[in-house]
Amino acid sequence: MTVSQNYSNDHQAARNAALRLLAVRQRAAAEVRTSLRRRFYPATADAVVIEFEAAGLLNDAAFAEAWRESRERSRPRSERLVRRELLQRGVDAGVVGAAVEGMDDEAMVEQAAESYVRHLKGLDSQRFQRRLAGYLFRRGFSSALVRRTLRTYLQQLEQLEETA
């Protein structure tokens, strides 16, 4: 086998590996590059990433926007945490800034709290506060926002106990 045939086979194998990665979910270019570099030469991995970016199969801006929408829709997180997740995946800071611009932490904290409160029914006030606060902090929300949300839910809890 000649050197050019070997490169061609390696390049095709890297392309196939990248397509398999993208079949599972949309990914950042840096994620694909890192994954390919574990199995292939860096030059081959870089060439495949460049090829996929040119073909529109890899687009960090579209990936960042989809990531944000996913977080807003089903896994609420703060803007700060979504920003950090995207940066960890290798998305450029400018692209990340554009993607998370306008995220509403107030709406996200409300959505997160609302979904989690169902799991806390029947707990005493102290445990309720501790667990809900921990859940919201782990999702990157600020202490001021968490305190305000706790206050709202505690008032609702007290009103329910008074009417019962």
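The values are calculated or read from the model by the stated rules, or taken from the named source; none is laboratory data. Bear in mind that the values here come from a model prediction, so they are computed numbers and not experimental data. Every residue, glycine as well, gets a Cβ built from its backbone with ideal geometry; the counts of neighbours run over all protein chains shown.
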Which numbered condition trips up G97, out of (1) surrounded by 16 or more Cβ atoms within 10 Å (Cβ to Cβ); (2) closer than 25 Å to R68 by Cβ? (1)
Count of segment 23-54 residues which are farther than 23 Å from A93 by Cα and loosely packed, with under 14 Cβ neighbours inside 10 Å: 6
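Could you list, in sequence order, all residues of segment 91-115 that are of a type in the set (A, V, I, L, M, F, W, C) and part of a helix (DSSP H, G or I)? Before you say what the answer is, go through the steps one by one.
The first filter runs over segment 91-115 and keeps only residues of a type in the set (A, V, I, L, M, F, W, C), leaving 91, 93, 95-96, 98-100, 103, 107-109, 112-113.
Scanning segment 91-115 gives A93, V95, V96, A98, A99, V100, A107, M108, V109, A112, A113.
For every residue, the table says whether it meets (1) over 27 Å from L136 (Cβ atoms); (2) modelled with pLDDT of 95 or more; (3) among the aliphatic types (A, V, I, L, M).
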site	(1), (2), (3)
L21	yes, yes, yes
R27	yes, yes, no
S35	yes, yes, no
A64	no, yes, yes
V82	no, yes, yes
V109	no, yes, yes
Is there a residue in segment 60-73 that is aromatic (F, W, Y) and under 17 Å from the mean Cα position of the chain (by Cα)? yes
Could you check R118 against (1) assigned to a loop (DSSP other than H, G, I, E, B); (2) surrounded by fewer than 12 Cβ atoms within 10 Å (Cβ to Cβ) and say which number it fails? (1)
